[in-house]
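The structure appears right after this line, and notes come after that.
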Amino acid sequence: MKRQFLLYFFFLLVGIAFVARLFYVQVIDKQYKLSGSNQAQQEIKIFPTRGYIFDRNGELLVTNQPAYDLLVISNNVKDLDTVNFCTLLDITPEQFLKYWNRMTKKRGYSNYKPNILVPLISKEEFAKIQEYLHDYKGFSVQTRILREYPRKSSANVVGYIGEVSESFIKRNPEYNQGDLIGKAGIDKAYEKELRGQSGSKFVLVDNHNRIKGPFLNGDYDEPAKPGYDLTSTIDIELQILGEQLMSGKRGSIVAIEPSSGEILALVSAPGFDPNLLVGNKRSVNYKKLEADSINLPLFDRGLLAQYPPGSPFKVINALIALQEGVITPSTQMTCHHGFHFGGLTVACHCSGGPMALRKSISKSCNNYYCTTFKRIVESYPDAHQGMNAWSNHVQSFGLGNYLNNDLPTGTKGLVPNSDYYDRVLGYTGWKAVTTISLGIGQGELLVTPIQLANMTAAIANKGYFYTPHIIKEVNHKPIEDERFAEPKKTTIDEEHFIPVIEGMYDVFEDGTARGSRLESIPMCGKTGTAENPHGQDHSIFIAFAPKDDPKIALAIIVENGYWGSRWAAPMASLMIEDYLHDSISRPKMYTRMVEGDLHEDYREQAIAKYGTDSILNYDN
């Protein structure tokens, strides 16, 4: 009896399971309902609205605009007048054939389903073909969302979007053919937040695939979910000013708020209008930009370019020397036209009379800092220990490594240590004087502009910095990221920054940047001229202001700009004034910077480096 009861109970459970499954399939789960109706209905993908990007003051940097994909069901195309159709689309028959072949080779192509023939048609182009499209059976359109850039600025900052590749889809199955993804800048770094989620709309179609109405009153439709809006740290007015000042030049301007690490401006010159990389002309324009191997407009110099820091690095050697106790603020040295050691000479423009630390910064004395560097290394039992101690101090300022920021690209730069020199020199018996060029920011030392700006912020803060970042808010809420919340301390005690900052203040007051001084703002800076083996030296300048309550720290590099006070220092002064006073009181200086053009220097450099043929591709 007990066995019989168990048998009945088993069959009862099986019956309940079948009924439950049948109910789920027929009532709850839409998969089989849709699959069983696939001859009468069609799914239309609803693309989500990508999140907007604003500057720190609410100015719109990136918005969206409608675009359209031209779809075709190959099996429904009969007796197509290709010539007239191409005229309507404003393409050649050869381009039409290229589109068609590309479509049929894509994964998932079907003769009986809509496929994208011509992607990303602009709203203006669509307006021309809309009223004629019904004459061509098998063709239809679907709405897309493309980016639009109201200020035509900051292409390297905001980035751009493009279609995902098949290889990317294989690695990221949440994306489908035809989806757009961030390819650079903020659009790439914050793809997850900006993307949104696609929706679906199901419609009834006839045997010619013409839409006849919604499927089951739209019960199975799913609306698209828009992406989050982002508020960036960029001040677009400051950014545009930087781009104006850098017109006719190559280089970068990076400005940071020392108290937060927020990036105020990230200029890479020459730049380009980000609207060039929108729509179905994107591929052609991208190839043109990429082919410009002379100006490299797609290369973000602020994050990727590496330069010897030159004389601005002298302030770091001063701080290390103070921390190591090999000099004091009153330590004096006399320069006899440079640093001399045996047959080695590092020339200098200083001469006559002794100078202490503060004056050595304002006058940028090479002898003072070659001697100081030598003392740092030789204060240890051997050069290897001294070099490693020096290298650790330098790296504490964020140099020689990735900054762990929220930007999608970057380079490490180079801060050498003893292992590096053992490997490069091929022997271990080297001395401090072997690497003496590090004392003036030359030699093997390499930094990126954003690292240089971050180093300046650490000096402004007297010994600490916040990791630079480009986004303030996600979905109108402040970002919560530990990387940007905790200050990173350098290895230098706060007390040692005071005499160095005073020396940087003197740079504007009576030193190498006195021509860029502004009475109303106490500024601190350091000029630099970085040696360039391929042509004219680079003009470099670091600065922060106001002196006792820093609101902005920046680094400027003008490639082949001769010396720091010629281009970089005036630009820094104008940027600081505009940011702090929201105006510029020196129109002549502004005009001289904006109209200054180094293209002839770049042309000569290109000929020297690549030969006369290079000028054929040179684009002013």
Problem set entry | Every pair of residues 6+ apart whose Cβ atoms lie under 6 Å, when the first sits in the range 94-110 and is under 12 Å from S74 (Cβ atoms) while the second is surrounded by 13 or more Cβ atoms within 10 Å (Cβ to Cβ) | M103/N115; M103/L117; Y109/N115
For this session: For the range 332-347, indicate whether the set of residues that are buried (at least 24 other Cβ atoms within 10 Å of the Cβ) and closer than 25 Å to G413 by Cα is non-empty.
Result: no
Seminar exercise, completed: Restricting attention to the range 262-280, the residues that are crowded, with 24+ Cβ neighbours inside 10 Å and either assigned to a loop (DSSP other than H, G, I, E, B) or among the aromatic types (F, W, Y) (or both) number exactly 0
Problem set entry | Residue that is surrounded by the fewest Cβ atoms within 10 Å (Cβ to Cβ), among those in the range 532-547 that are modelled with pLDDT under 95 and out of contact with any strand residue (DSSP E or B) (no Cβ under 8 Å at 6 or more places or on another chain) | P533
Exercise. When the range 307-342 is examined, which residues are found to be within 29 Å of the chain's Cα centre (by Cα), part of a loop (DSSP other than H, G, I, E, B) and within 22 Å of I501 (Cβ to Cβ)?
Worked result: P309, G310
Exercise. For R592, which of the numbered conditions (1) under 22 Å from I294 (Cβ atoms); (2) of a type outside the set (S, T, N, Q); (3) surrounded by fewer than 16 Cβ atoms within 10 Å (Cβ to Cβ) fails to hold?
Worked result: (1)
Exercise. Within the range 204-221, is there a residue that is of a type in the set (D, E), surrounded by 13 or more Cβ atoms within 10 Å (Cβ to Cβ) and either at pLDDT 85 or above or not in a loop (DSSP other than H, G, I, E, B) (or both)?
Worked result: no
Problem set entry | Cross-chain or 6+ apart pairs with Cβ under 9 Å, the range 295-324 first and farther than 20 Å from L357 by Cα, then aromatic (F, W, Y) and surrounded by fewer than 24 Cβ atoms within 10 Å (Cβ to Cβ) | N295/Y602; N295/Y618; P297/F272; L298/F272; L298/Y286; A305/F299
Exercise. Does the range 357-368 include one or more residues that are aromatic (F, W, Y) and within 24 Å of S418 (Cβ to Cβ)?
Worked result: no
For this session: Please state which one of L216, L194, L238, L204 is closer than 30 Å to E600 by Cα and touching a strand residue (DSSP E or B) at 6+ places or on another chain (Cβ under 8 Å).
Result: L238
For this session: Would you mind telling me which numbered condition in (1) part of a loop (DSSP other than H, G, I, E, B); (2) within 39 Å of the chain's Cα centre (by Cα) I116 fails?
Result: (1)
Exercise. Counting only residues that are under 27 Å from the mean Cα position of the chain (by Cα), surrounded by fewer than 18 Cβ atoms within 10 Å (Cβ to Cβ) and aliphatic (A, V, I, L, M), how many does the range 595-609 have?
Worked result: 0
For this session: Output yes when any residue across the range 360-370 is basic (K, R), outside any strand (DSSP E or B) and at pLDDT 95 or above, and no when none is.
Result: no
For this session: Quick one: M387 ticks every box in (1) within 30 Å of N156 (Cα to Cα); (2) of a type in the set (A, V, I, L, M); (3) surrounded by 22 or more Cβ atoms within 10 Å (Cβ to Cβ) except a single one, so which number is it?
Result: (1)
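Rundown of residues vs (1) surrounded by fewer than 12 Cβ atoms within 10 Å (Cβ to Cβ); (2) modelled with pLDDT of 90 or more; (3) outside the structural domain of V205 (by TED's automatic domain parsing); (4) touching a Pro at 6+ places or on another chain (Cβ under 6 Å), yes/no style:
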{"residue": "L22", "(1), (2), (3), (4)": "yes, no, yes, no"}
{"residue": "V62", "(1), (2), (3), (4)": "no, yes, no, no"}
{"residue": "Q65", "(1), (2), (3), (4)": "no, yes, no, no"}
{"residue": "K78", "(1), (2), (3), (4)": "yes, no, no, no"}
Problem set entry | Identity of the residue in the range 506-531, under 24 Å from S437 (Cβ atoms) and at pLDDT 95 or above, that ends up surrounded by the most Cβ atoms within 10 Å (Cβ to Cβ) | G525
For this session: Among the numbered conditions (1) more than 22 Å from A568 (Cα to Cα); (2) crowded, with 22+ Cβ neighbours inside 10 Å, tell me where P309 comes up short.
Result: (1)
Problem set entry | L80 more than 26 Å from the chain's Cα centre (by Cα) and in a strand (DSSP E or B) | no
Exercise. Which of the residues that make up the range 388-435 are of a type in the set (F, W, Y) and either in contact (Cβ under 8 Å) with a residue 40 or more places away in the chain or not assigned by TED's automatic domain parsing to the domain that holds M455 (or both)?
Worked result: W390, F397, W430
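The values are calculated or read from the model by the stated rules, or taken from the named source; none is laboratory data. Everything numeric here is computed off the predicted structure, so don't read it as measured data. Cβ sites come from the backbone with ideal geometry, for glycine too, and all protein chains shown count toward neighbours.
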